[in-house]
Amino acid sequence: MSLEVKTLDYEIRGKEILKDISLEIHTKEFVGLVGPNGCGKSTLLKNIYRTLRPKYNTVFIDGNDILKLSSRKMARELAVMAQENNMEFDFKVQDMVMFGRYSHKKFLQGDTSRDRELCAEYLAEVGLEGYEDRSYLSLSGGEKQRVLLARVLIQESRYIILDEPTNHLDISYQYQIMDILKKQEATVFSSVHDLNLAALYCDRILFMYQGKIVDDGTPEEVLTSENLWKYFQIRAQISRNPATGKLQIYYLPDWI
Ligand code: ADP
Ligand code: MG
């Protein structure tokens, strides 16, 4: 049981953005995708969640080509929290969350009382209790992000794909969101901007650079000062945080 990408190449207007990417995410793993801006993280994730279509069959869930799955089946397998979410129409928060329930319903079936209960539960889980009737567009960036997370959770899919989910969030919500993701049954594959956050939560990290996966392993194996220098051009001192037992990265600017 796994999500697998096999030899994925992706070009945009003749420019190679992804080069021969192969990876496998196993059931119940929490895998982070890190790498500098523009290295291709979002493009890779979009190929996995079908916003971009690879030329050949290269993404498989349990051996099934995702391009052959119906949208309903795909939604049962994979929930997505993308980076941009430009909405033209305004919806109530409850409706936004309920979109995540679509694959659990029959055609044109309305929301059941169970759906509304779940909606309230997941809104509470992301710290937005009682927000059902608020207008989505009136929310702050962080609140919107958490509504989108509730939508992902209510989908109750086997895989959750996220693109920098903690981007607009203040520090306590960054940890809260990672905690919520960590305790889900689902397998999680997420790009993560903050390497210390990645070190704290990920079982495994894929390091990307210029369209390729250049390293793959535990945080200890991958988040080395050599890799940070090679791929981010930043000097770093790496130690173990005595409280968490996890890696802690201290960045060292040139003048130190
Ligand atoms: P990341 O998410 O790691 O920051 P992206 O996947 O967004 O990187 O982008 C990878 C590369 O592809 C970048 O060089 C970006 O400029 C380029 N790119 C992405 N989308 C387009 C597009 N629609 N047109 C042209 N170039 C693009
Ligand atoms: Mg990106």
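The values are calculated or read from the model by the stated rules, or taken from the named source; none is laboratory data. The shown structure was predicted, so the numbers you read here are calculated from the model rather than taken from an experiment. Cβ atoms come from the backbone with ideal geometry, glycine included; neighbour counts cover every protein chain shown.
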### Summary
Scanning the stretch 34-52 for residues that are touching a helix residue (DSSP H, G or I) at 6+ places or on another chain (Cβ under 7 Å) and closer than 25 Å to Ser71 by Cα, the one nearest to ligand 1 (Cβ to nearest atom) turns out to be Leu52
### Task
Tally the residues that are at pLDDT 95 or above and either more than 13 Å from Thr43 (Cβ to Cβ) or not hydroxyl-bearing (Ser, Thr, Tyr) (or both), restricting the search to the stretch 3-14.
8
## Note on the structure
Restricted to the stretch 53-85 and to residues being within 22 Å of Glu11 (Cα to Cα), out of contact with any helix residue (DSSP H, G or I) (no Cβ under 6 Å at 6 or more places or on another chain) and of a type in the set (Val, Ile, Thr), the residue surrounded by the most Cβ atoms within 10 Å (Cβ to Cβ) is Ile66
### Task
Identify the single condition in (1) within 15 Å of ligand 1 (Cβ to nearest atom); (2) in contact (Cβ under 8 Å) with a residue 12 or more places away in the chain; (3) not β-branched (Val, Ile, Thr) that Asn86 does not satisfy, given that it satisfies every other one.
(2)
### Task
Search the stretch 164-189 for residues being within 18 Å of Met87 (Cβ to Cβ) and surrounded by fewer than 21 Cβ atoms within 10 Å (Cβ to Cβ), and hand back the single one that is nearest to ligand 2 (Cβ to nearest atom).
Asn167
### Task
Could you check, for the stretch 151-159, whether at least one of its residues is surrounded by 23 or more Cβ atoms within 10 Å (Cβ to Cβ) and within 16 Å of ligand 1 (Cβ to nearest atom)?
no
